[in-house]
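S.K.: Input: one structure, supplied below.
The values are calculated or read from the model by the stated rules, or taken from the named source; none is laboratory data. On a predicted model such as this, the values are computed, not experimentally measured, just so you know. With ideal geometry, Cβ positions are generated from the backbone for all residues, glycine too; neighbour counts draw on all protein chains shown. Side chains included, ligands, DNA and RNA excluded: accessible areas come from the protein's heavy atoms. Shrake-Rupley method; radii C 1.70, N 1.55, O 1.52, S 1.80 Å.
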Amino acid sequence: MIENRKDLLGLYDLSAEEIQYILKSAETMKYVLLQKNKKTPHLQGKSVVTLFYENSTRTRLSFELAAKYMSASAANISASSSSVAKGETLIDTGRTIDRMGTDVIVIRHHASGAPHLLAKHVKSSVINAGDGMNEHPTQALLDMFTMQEKKGDLKNLTVAITGDIFHSRVARSNIYGLTKMGATVRVFAPATLLPKGIESLGVTVCRTIEEALLDADVVMGLRMQLERQKQGFVPNMREYAAQFGIDERRLALAKPDALIMHPGPVNRGVEFSSFVIDHDNSCIDEQVTNGVAVRMAILYIFAHRGQDVKLPESPQRKENVR
């Protein structure tokens, strides 16, 4: 059961039931988030520290706001302005934070597996906010929450994931989560940006972007990681956009009500044209809102691990049950 887990390190080892529990909990948190007074006592007396070794806007800020909205004591540590810059190891940094009475450590790290290593050496719950090219579980959970909110169920949805899949921890976590929840996942990327053996994860590898988009229920673009293009994965961004970007013509291949999603930040005119980004079916901005709700749910669940504490049901959910 998710309530008894110490850490959230990835979706690879979560069951469909545990994923659904988090998504249901996020429904309540989104109801709270949309109120004029967002301050709740859900985490009163708890402490949350965000430890980021990489830059971030959405993930870092949403975790900090999620903690503060629920009355937790929240603090942020940036590696560049901490003892890490003096040579302190991850384990020693983690132990220091742990000894300060911290309940939850949220970590983003450039090395795959860093959160797993940290979790072995601290009593605090560790939440993976993205590790190297491995996983980004909270992003995938907010993506699935958005799909479920809009479509009602994840089972039997056809989700097309396109873009820089090779470097994307978001893609990996979404693939793990969506396939467990019964969705069909198609992937497409230039050959240089497609991991070898990805079909073993239960996805359909498409030969063209048109094949991936045809009758899709969800169109998810991934950021072209421009900082890595010096390695020559694609000739240039203009050619990538022309051959592999999604514009009005290609979007028309998906279902008329297909959701348009992107974890952000978006390179306008590269992964998506402005027409696609600003389309009525675009959920990109709502993903940001849902990210706070999902992270509120995750912090609540893991800060109270092992305790028989139940989230109050939102009025919206009670109405749906009747």
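S.K.: Divide, for segment 15-67, the radius of gyration over alpha carbons by 2.2 N^0.38 Å, where N is the residue count.
M.R.: 1.34
S.K.: With a 1.4 Å probe and all protein chains kept in place, how do Asp103, Asp143, Asp280 rank by accessible area, largest first?
M.R.: Asp280, Asp103, Asp143
S.K.: Can you tell me the alpha carbon radius of gyration of segment 1-140 divided by the globular rule-of-thumb value 2.2 N^0.38 Å? Before the final figure, lay out the partial values.
M.R.: On the way: Rg = 14.9 Å, N = 140, 2.2 N^0.38 = 14.4 Å.
Taking N as the residue count of segment 1-140, the ratio is 1.04.
S.K.: If you place +1 on the Cβ of every Lys and Arg, -1 on the Cβ of every Asp and Glu, and leave all else neutral, what size is the dipole of segment 145-258 about its Cα centre, to the nearest 20 Debye?
M.R.: Dipole magnitude for segment 145-258 comes out near 360 debye.
S.K.: Here is a follow-up. Rounded to whole Å and sorted largest first, list the principal axis extents of the Cα atoms in segment 105-149.
M.R.: 37, 23, 11
S.K.: With the contact rule set at Cα under 8 Å and sequence spacing of 6 or more, what percent relative contact order holds for segment 113-180?
M.R.: About 35 percent, as a whole number.
S.K.: Percent of Cα-Cα pairs more than 30 Å apart in the chain, please.
M.R.: For the chain, the fraction of Cα-Cα distances above 30 Å is 33 percent.
S.K.: Sticking with this one: Stretched out fully, how many nm does the piece from Glu17 to Asn37 gain, at 0.36 nm a residue minus the Cα gap?
M.R.: Value of the extension gain: 4.1 nm.
S.K.: For Leu214 and Lys123 in the same chain, what is the full-extension length gain: residue separation times 0.36 nm, less their Cα-Cα distance, in nm?
M.R.: Numbers: separation 91, 0.36 × 91 = 32.76 nm, distance 4.76 nm.
Net length gain for the segment: 28.0 nm.
S.K.: Could you give the distance between the Cα centres of segment 168-212 and segment 53-106, to the whole Å?
M.R.: After rounding, the separation between the Cα centres reads 32 Å.
S.K.: Let me ask something else about it. Rounded, prolate or oblate, given the Cα gyration tensor of segment 219-300, with a/c below 1.5 counting as rounded?
M.R.: Because a/c hits 1.5 or more and a/b fails to exceed b/c, segment 219-300 counts as oblate.
S.K.: Could you do me a favour and compute the accessible area per residue for segment 172-254, 1.4 Å probe, result in Å²?
M.R.: Details: 3990 Å² over 83 residues.
With the other protein chains kept in place, segment 172-254 gives 48 Å² per residue.
S.K.: Given the rule -39500 (n - 2.57) for each run of at least 4 DSSP H residues, summed and divided by the residues of the chain, what is its mean residue ellipticity at 222 nm, to the nearest 500 deg cm²/dmol?
M.R.: On the way: 12 runs with 120 residues, N = 322.
So the calculated ellipticity at 222 nm is -11000 deg cm²/dmol.
S.K.: For segment 123-274, rounded, prolate or oblate, judged on the Cα gyration tensor with a ≥ b ≥ c (square roots of eigenvalues), a/c < 1.5 rounded, else prolate if a/b > b/c?
M.R.: Oblate, because a/c is 1.5 or more while a/b does not exceed b/c.
S.K.: Tell me, what is the percent relative contact order of segment 89-212, built from C-alpha pairs under 8 Å that lie six or more residues apart?
M.R.: Relative contact order here is 19 percent.
S.K.: Remind me, relative contact order of the chain in percent, using alpha carbon pairs under 8 angstrom and six or more residues apart?
M.R.: Computed over the chain, the figure is 22 percent.
S.K.: For segment 175-224, what does the alpha-carbon gyration tensor say about shape, rounded, prolate or oblate, given a ≥ b ≥ c as the root eigenvalues, a/c under 1.5 as rounded, and a/b over b/c as prolate? Walk me through the numbers before you get to the answer.
M.R.: Numbers: a/c = 1.59, a/b = 1.14, b/c = 1.39.
Because a/c hits 1.5 or more and a/b fails to exceed b/c, segment 175-224 counts as oblate.
S.K.: Also, quick follow-up: Report the full-extension gain for the segment Arg207 to His110: residue separation times 0.36 nm, less the Cα-Cα distance, to one decimal in nm. All intermediate terms of the calculation are to be shown ahead of the outcome.
M.R.: Numbers: separation 97, 0.36 × 97 = 34.92 nm, distance 3.07 nm.
Value of the extension gain: 31.8 nm.
S.K.: Using the beta-carbon distance between Ser73 and Arg95 and R0 = 30 Å, what value does 1/(1 + (r/R0)^6) give for FRET efficiency, to the nearest 0.05?
M.R.: 0.95
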